[in-house]
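Engineer: This is the structure I have questions about; it appears just below.
The values are calculated or read from the model by the stated rules, or taken from the named source; none is laboratory data. All figures in this text were calculated on a predicted structure; none of them were measured in a lab. For accessibility, only protein heavy atoms count, side chains too; no ligands or nucleic acids. Shrake-Rupley method; radii C 1.70, N 1.55, O 1.52, S 1.80 Å.
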Amino acid sequence: MVLEEQGHRATGVPSPDEALLLLQSETFDVIVTEYKLSGTTGPEFIVKLKEVAEGTPVILLSGYVDVLGLNERGTGADVVLMKCA
């Protein structure tokens with residue numbers, strides 16, 4: 001909703017599998033994901049994203065950034081951001 005309020009088009013999907021399926025037929029300017037996902041983790045998912053959507057920047061947005069020491073090198077994301085309340 002925040003992205004749309006800023007004039008961007010945002011597409012959300014309920015699972016990593018559905019995201020990978022959607023990426024077979026659509027392209028996006030950027031992909032935003034979370035660390036904690038159904039059936040996988042953000043870094044595992046990012047590996048698959050990089051294969052399917054090569055060249056598309058990936059942002060990892062998570063509340064676990066500080067607790068787990070998440071960073072770009074360790075997650076494969078292009079940018080890692082701390083989710084705030």
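Engineer: What does the accessible area per residue of the stretch 1-62 come to in Å², with a 1.4 Å probe and no ligands, DNA or RNA counted?
Structural biologist: Values: 4290 Å² over 62 residues.
Ligands and nucleic acids excluded, the figure is 69 Å² per residue.
Engineer: Moving to a separate point now. I need the phi-derived Karplus couplings for the stretch 66-78: 6.51 cos²θ - 1.76 cosθ + 1.60, θ = phi - 60°, integer Hz, Gly and Pro marked x.
Structural biologist: 5, 4, 9, x, 5, 8, 4, 4, x, 10, x, 6, 6
Engineer: Grab the DSSP H runs of the chain that are 4 residues or longer, score each as -39,500 (n - 2.57), total them, divide by all residues and round the 222 nm result to the nearest 500 deg cm²/dmol.
Structural biologist: Values: 5 runs with 30 residues, N = 85.
It comes out at -8000 deg cm²/dmol, rounded to the nearest 500.
Engineer: For L81, what residues show an amide H to amide H distance below 5 Å, using hydrogens built from the backbone and excluding near sequence neighbours?
Structural biologist: Under 5 Å from the amide H of L81: L60, L61, S62.
Engineer: Explain nothing, just compute: Karplus ³J(HN,Hα) = 6.51 cos²θ - 1.76 cosθ + 1.60, θ = phi - 60°, for every residue of the stretch 13-24 in order, whole Hz, x for Gly and Pro.
Structural biologist: 10, x, 8, x, 4, 5, 5, 5, 5, 4, 5, 6
Engineer: So, one more: Would you list which lysines come within 18 Å of K83, measuring only between C-alpha atoms, while excluding same-chain residues fewer than 8 positions from it?
Structural biologist: K36
Engineer: Give the relative contact order (percent, whole number) for the chain; include only Cα pairs under 8 Å separated by 6+ residues. Before the final figure, lay out the partial values.
Structural biologist: Working: 102 pairs, mean separation 20.7, N = 85.
Reported relative contact order: 24 percent.
Engineer: Here is a further query. Of all beta bridges DSSP finds with both residues in the chain, what is the antiparallel percent, to the nearest 5? Show your work: numbers first, answer last.
Structural biologist: Details: 2 of 9 bridges.
Here the antiparallel bridges make up roughly 20 percent for the chain.
Engineer: Taking a 1.4 Å probe, which of M1, M82 shows the most accessible area, and what order do the others take after it? Mind dumping the intermediate values first?
Structural biologist: Numbers: M1 175, M82 90 Å².
Final ranking, largest accessible area leading: M1, M82.
Engineer: Distance between Cα centroids, the stretch 52-84 to the stretch 9-30: provide it in whole Å.
Structural biologist: Between the Cα centre of the stretch 52-84 and that of the stretch 9-30, the gap is 17 Å.
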